[in-house]
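The structure under discussion is supplied below as structure tokens; questions concerning it will follow.
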Amino acid sequence: MSLVVDNLRVYYRTLRGDVRALDGATFTVADGEIMGVAGESGCGKTTLGKSLIRLDGRMRVAEGSVTLDGVELPIADDRAMDAYRFRSVSIVPQYAMSALNPIRRIGRMISELLSSRGVSYEETLPELRRRLALVGLSDDVLERYPIELSGGMKQRVVMVLSTLMNPSLLVADELTSALDVSTQKAVAEMLVEFRDRGFVKSTIVITHDLSILYQVADTILVMYAGKLVEKGSAAEITEDPRHPYTKLLIASLPEVGVRFEERRLTGIAGRPPSLLRPPTGCRFRARCPLATEECAVEPPFVELAAGRHAACWKVAA
Amino acid sequence: MTRYLARKSLLYLLTFFVAVTIDWAIPRLMPGDPIDGLISRLQADSTASQELHGYFTESFGLDQPLWRQYASFWRGLAHGDLGPSIAYVGSSVSDLIWAALPYTLALLVPAIVLSYVAGNRVGAMAARRKVLDNTVLPFAYILTATPYVWLALVLAYFLAFKWGIFPVSGAYDFSLQPAWTWEFAWSFLQHWFLPFLTLFLVSFGGWAIGMRNLIIYELESEYSNYLQALGAPSTLVRKYAYGNAVLPQMSGLALALGAVVGGALVTEIVFGYPGIGTLIITALQNRDYFLLQGLFLLIIIGVLVANFVVDILYVVVDPRTRTGIQGS
Amino acid sequence: MESRADLVATPEIALTGEGAALEDAYPEPPVRRFEALHFAARNAKLVVGLTVVLAFLVAAIAGPWLTDATPFEFGYPLGEPPSSAHWLGTTSPGQDVYSQFVYGLRSSFIVGALAAAVAGLLGMAIGFLGGYLGGVIDEILSMVTNIVLVIPTLAVLIIVSAYLSVGSLWSEALLIGLTSWPWAARAIRAQTFSLASRDFVSLARLSGQGTIKVIVKEIAPNMSSYLFLTFILLFGGAVLIAATLDFLGLGPSQVMSLGLMLNNAVSNAALQLGMWWWFIPPGVGITAIVGGLYIMNVGLDEVFNPKLRRT
């Protein structure tokens, strides 16, 4: 098992108390698996992604553990995590466009970064060049300043750099949100290719865009209001969703070929609950068309079949 | 890069033109006749005053049509001729300015450079360490809120008057003449120190605050976050943050020059230091319009030149301006 | 105003990022309105700065009521140190320093506020128009702004004041305001740029609202905190410039001001005579007011922009 997350709870400290942004996540990601994490804004997926690599100033790990390749990651300890960052755990950020120091040539920045992490730039250079070529960038990118590259090019540079040390875990947070559709496709395909070539072992792709996940991910994890709601293979989630939330989510996606007169796009009525004082019981209860009395007790995230989990009383085990 | 510099040059030329025109125009728009003032100072009796008035008016060219005066002003400028002084009768404005300028530069240049460098360093340090931040920062705010005039007075009062460590006024001992001797140099330094310190302290405050804010901003930028997410040590992150923060600080340098020059002027007055400042106050008190015009022109040219120098330095420091793409 | 203000102004960091997303995703309206006040009360810089400024404001308003003496009145003992009769002593020619001080404080506040208003209005007009309209108009306005910005304020003021004798606080404030606006115009223009591209502005524009209306109704209210901060910095800067002008004898000579006190002190060799009570108080007044304003400004910035809070 590559990544094992056990009952992870990460809260944000605020003046009014702890916001329980991630409230009990337990899952595994195998070697070579690309797991997508989907959900609406504020469901906790970004918190999850961040907690795996670098905590925000206001975040605190309330409970739980993260184990990568059999070693427990010291996610609460910023200093200690440095040893794992870049080598074992890496991130491709949402803001790839501005992730590069504007006043340094790219090659020089990479060399300084590598040296500071105790890696020889000379030795890594041939592999770096190979990977740049792989994503369609020529060598002279290294001589350029970030301002001379297009957005897509910068995205590719960041992807190559983040995976240069062949990390065991790659977290891609909202990778495609800032991109146009054709670049989205290219980037998504790049993720898969990196996995296929063994540059990364496990990948977690965090996004609100289910359609990307369908193309790229092996498994999909759906989150809502800080809790895990459903997990399964990409095909299962999109074609046979079990949890009411997932069903509504899939149903709200536009279908190719469906014309406006025949069907209207529907969203899910209501808003997610406050995570400062979260409701007891199932957090989706207020918006769920199937909710009844028993939903006042929080449903556990149970295994329905091999690799299939859901947290709902209404789902037949 | 050439586009950037060309743009700046155009700006400075325009500014120069506008400033010079203002400089030339104001005396002529003002009520009162400078020649009247001159004559009353010379205390000529009433019968001769009419002829004297005509004589002076003609010799100063004030009877010419305005556009002619304007043209000859520019012509004079090209020859470095700024006219005669009314307050110091017999001396030309340019001579007076050349005599006073070195003293002012001796104050300004070290004060600006040292306060900039020291302020930036301290500001960067304060941005990293909370302890420093809580002590240095309030102090810096107080410094930058202090009027130059008053700090000069306070320093003069305590360090010169009360404790006699430094002399109170002048640029050198009265018994000495300016010369390239050790004796003169030492005397000069003693007299120079307090005015220099005044300029240095106030400017230092401003730079420290500015740099501290910029560093904090850069440390929270996305490239900083990315580097830290990749486990880069804080030395590298700080190095990059500093490099990026220096850029707006450089632009700020050009803007702040005007303020420091103003500060130097009043500091000189407090210390009786024979630089441009003392010259200005004499000109003001004596309504010496030509001297004032010349001084204003000097200040304008000086500030524009300094701005241009800073712009060139900026091109060196910010690689984005060199790539031919419009940077910040 | 190429004074120290723009070095002191903190960078504007928009309320974005996960912090805002967090607080926006789960809003609790009634509590949020008071959150600003809550932070305001707890912000040491804001509280201290505001207290100092208010203290001196009270002194400026009420101070003169506590004495019968007037600033220009002669006849008191010559050059006496502070005593119970004259709390701040007297000047060489026999005037009461305390009355000069408190009347001087009044002048500082008046000039500061008026000049800041003038500079602020001008800066807003030019900044808003340039930032919102863009294009050729923006180019022209920027050029004008830059020209006025580069010209050293003090030099211009010296020249102009030398010829136009400044008779009242009003005209002094006007002069200062007319030369200090470029800094504000630039800052406001930059902010307007980023706001002008937002959706709600496009919406207003599409619905046919005229330029002035859009600026007044949509853009300005969303920048209100920024405008306020700018005003405070302009205020502080104006007080400093006025002090320098007054010191050079270029301010109104019939109105007492702190700078004028310093001028008189220096002309009467107060320094060499050791009459510290004559020149120390005015400087303390100026430094305290301007310093208080600057520190208040930093505190306010932290209250308005949570991202700046270093807790």
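The values are calculated or read from the model by the stated rules, or taken from the named source; none is laboratory data. In this text the structure is predicted, and so the values were computed from the model without any measurement. Cβ sites come from the backbone with ideal geometry, for glycine too, and all protein chains shown count toward neighbours. Just so you know, the surface numbers come from the protein's heavy atoms only, side chains and all, with ligands and any DNA or RNA stripped out. Shrake-Rupley method; radii C 1.70, N 1.55, O 1.52, S 1.80 Å.
So, with a 1.4 angstrom probe, what is the percent of accessible area on region C:94-223 that is carbon and sulfur? Before the final figure, lay out each step's value.
Numbers: 3440 of 5040 Å².
Using a 1.4 Å probe with all protein chains present, region C:94-223 comes out at 68 percent carbon and sulfur.
Under a plain spin-label model, where a point goes 7 Å from the Cα along Cα-to-Cβ, how far apart in nm are A:ALA76 and A:LEU134?
3.7 nm
Can you give the helix-only mean residue ellipticity at 222 nm for chain C, where every DSSP H stretch with n ≥ 4 adds -39500 (n - 2.57) and the sum goes over all residues, rounded to the nearest 500 deg cm²/dmol? Intermediate values should be presented prior to the final figure.
On the way: 13 runs with 212 residues, N = 311.
After summing the helix terms and dividing by residue count, I get -22500 deg cm²/dmol.
Would you mind working out the accessible area per residue for region A:2-74, using a 1.4 Å probe, and quoting it in Å²?
Numbers: 2440 Å² over 73 residues.
Using a 1.4 Å probe on heavy atoms only, each residue of region A:2-74 averages 33 Å².
Helix-only estimate, please: 222 nm mean residue ellipticity of chain A, summing -39500 (n - 2.57) across DSSP H runs of length 4 or more and dividing by its residues, to the nearest 500. Mind showing how you got there, number by number?
On the way: 9 runs with 87 residues, N = 317.
Dividing the helical sum by the residues of chain A leaves -8000 deg cm²/dmol.
Sticking with this one: Compute the projected area of the convex hull of the Cα atoms of chain C, averaged over all viewing directions, and report it in nm² to one decimal place.
19.4 nm²
Over both sides of the B-A contact, add up the buried accessible area with a 1.4 Å probe and give it to the nearest 100 Å². Mind dumping the intermediate values first?
Working: alone 18480 and 15380 Å², together 31560 Å².
So the total buried area for this chain pair works out to about 2300 Å².
On to the next question. With labels modelled as points extended 7 Å from the Cα through the Cβ direction, what inter-label distance (nm, one decimal) is found for B:LEU114 paired with A:GLU127?
Going by the 7 Å Cα→Cβ label model, 5.2 nm.
Another question, if that's okay. Under the 0.36 nm per residue contour assumption, what length would be gained going from the current alpha-carbon distance of C:ARG205 and C:LEU133 to full extension? The partial results should precede the final answer.
Values: separation 72, 0.36 × 72 = 25.92 nm, distance 1.15 nm.
Result for the pair: 24.8 nm of gain on full extension.
So what is the relative contact order of region B:199-328, in percent, for Cα pairs below 8 Å that sit 6 or more residues apart? Could you put the intermediate results ahead of the total?
Numbers: 75 pairs, mean separation 28.2, N = 130.
Averaging sequence separation for qualifying contacts and normalising by length gives 22 percent for region B:199-328.
Next question, about the same structure. Assuming R0 = 41 Å, can you tell me the calculated FRET efficiency for the pair B:PHE308 and B:VAL131, based on Cβ-Cβ distance, to the nearest 0.05? Walk me through the intermediate numbers first.
Working: r = 40 Å, r/R0 = 0.98.
So, using R0 = 41 Å, E works out to roughly 0.55.
While we're here: Cross-link list A:LYS50/A:LYS154; A:LYS45/B:LYS130; B:LYS8/C:LYS45; A:LYS50/A:LYS227: which exceed 27 angstrom alpha carbon to alpha carbon?
On the way: A:LYS50/A:LYS154 22 Å; A:LYS45/B:LYS130 32 Å; B:LYS8/C:LYS45 39 Å; A:LYS50/A:LYS227 16 Å.
Pairs exceeding the cut-off: A:LYS45/B:LYS130; B:LYS8/C:LYS45.
Taking 20 °C and 1.002 mPa s as the conditions, I'd like the Stokes-Einstein D for region B:231-328 in µm²/s, using the Kirkwood hydrodynamic radius from alpha carbon pairs.
Numbers: Rh = 16.3 Å.
Estimated via Stokes-Einstein, D reaches 131 µm²/s.
Using Cα-Cα distances under 8 Å and only pairs 6 or more residues apart, what relative contact order does region B:51-143 have, in percent? Don't jump to the answer; show the numbers that get you there.
On the way: 26 pairs, mean separation 8.7, N = 93.
So the answer I get is 9 percent.
Extent of the protein assembly as shown along each principal axis, from alpha carbon coordinates, in Å, largest to smallest?
The principal-axis extents, from largest down, are 119, 63, 62 Å.
Further question on the same structure: What does the accessible area per residue of region A:82-126 come to in Å², with a 1.4 Å probe and no ligands, DNA or RNA counted?
38 Å²
Could you pull out which residues in region B:108-123 have an amide N less than 19 Å from a spot 7 Å beyond the Cα of B:PHE139, following the Cα-Cβ vector?
It comes to B:114-123, nothing else.
Compute the distribution of all C-alpha to C-alpha distances in region C:58-187, in bins of 10 Å from 0, and list the percent of pairs in each, rounded to whole numbers.
Calculated over all Cα pairs of region C:58-187, the distribution is 12, 28, 24, 19, 11, 5, 1 percent.
While we're looking at this one, here's another question. Please report how far the C-alpha centroid of region A:180-230 lies from that of region A:115-164, rounded to the nearest whole angstrom.
Result: 22 Å between the Cα centres.
Leaving out ligands, DNA and RNA, what percent of the accessible area of region A:1-153 is carbon and sulfur, probe 1.4 Å? Write out the running numbers ahead of the final one.
Values: 2810 of 6050 Å².
Ligands and nucleic acids excluded, carbon and sulfur give 46 percent.
Further question on the same structure: Please label the shape of region C:248-288 as rounded, prolate or oblate, based on the square roots a ≥ b ≥ c of the eigenvalues of the alpha-carbon gyration tensor (a/c under 1.5 means rounded; beyond that, a/b larger than b/c means prolate, else oblate). Please report the intermediate quantities before stating the final value.
Values: a/c = 2.51, a/b = 1.24, b/c = 2.03.
Here region C:248-288 falls in the oblate category.
Follow-up question, since we're still on this one. How big is D for region C:196-311, in µm² s⁻¹ as a whole number, if Stokes-Einstein is applied with the Kirkwood radius of its Cα pairs at 4 °C and 1.567 mPa s? Don't jump to the answer; show the numbers that get you there.
Working: Rh = 17.6 Å.
Here the translational diffusion coefficient equals 73 µm²/s.
Let me ask something else. Rule-of-thumb check for region B:242-288: C-alpha Rg over 2.2 N^0.38 Å?
Values: Rg = 15.5 Å, N = 47, 2.2 N^0.38 = 9.5 Å.
Normalised by 2.2 N^0.38 Å, the Cα Rg of region B:242-288 equals 1.63.
Based on DSSP loop calls and a cut-off of at most 15 other Cβ atoms within 10 Å, the longest stretch of chain C free of exposed chymotrypsin sites (Phe, Trp or Tyr not before Pro) is what?
Values: sites that count: C:PHE72, C:PHE74.
Of all site-free stretches, the longest is C:75-311.
Sticking with this structure for a sec: Quick check: from the Cα gyration tensor, does chain B come out rounded (a/c under 1.5), prolate or oblate? Mind showing how you got there, number by number?
Numbers: a/c = 2.94, a/b = 1.62, b/c = 1.82.
Oblate is the answer for chain B, as a/c is 1.5 or above yet b/c matches or exceeds a/b.
Counting only C-alpha contacts under 8 Å and six or more residues apart, can you give the relative contact order of region B:175-261 as a whole percent? Display every interim value, and only then the final one.
Working: 29 pairs, mean separation 23.6, N = 87.
Result for region B:175-261 is 27 percent.
Can you figure out the FRET efficiency of A:SER120 with B:LYS239, using R₀ = 25 Å and their beta-carbon distance, to the nearest 0.05? Walk me through the numbers on the way to the answer.
Working: r = 20 Å, r/R0 = 0.79.
Step by step, r from the Cβ atoms, then E = 0.80.
Please work out the FRET efficiency for the pair B:VAL316 and B:LEU13, using the Cβ-Cβ distance as r and a Förster radius of 25 Å; give the result to the nearest 0.05.
0.65
Accessible area per residue, 1.4 Å probe, Å², for region C:47-187: what's the number?
Details: 5640 Å² over 141 residues.
With all protein chains present, region C:47-187 gives 40 Å² per residue.
Using only the Cα atoms of region A:63-201, what are the Rg and Dmax in Å?
15.1, 47
With a 1.4 Å probe and all protein chains left in place, how much of the accessible area of region A:158-278 comes from carbon and sulfur atoms, in whole percent? Present the calculation step by step, with values, prior to reporting the outcome.
Working: 2770 of 5340 Å².
Exposed carbon and sulfur together represent 52 percent of the surface.
How many square angstrom of accessible surface are buried between B and C, both sides summed, with a 1.4 Å probe and rounding to 100?
Counting protein atoms only, the buried area is about 5200 Å².
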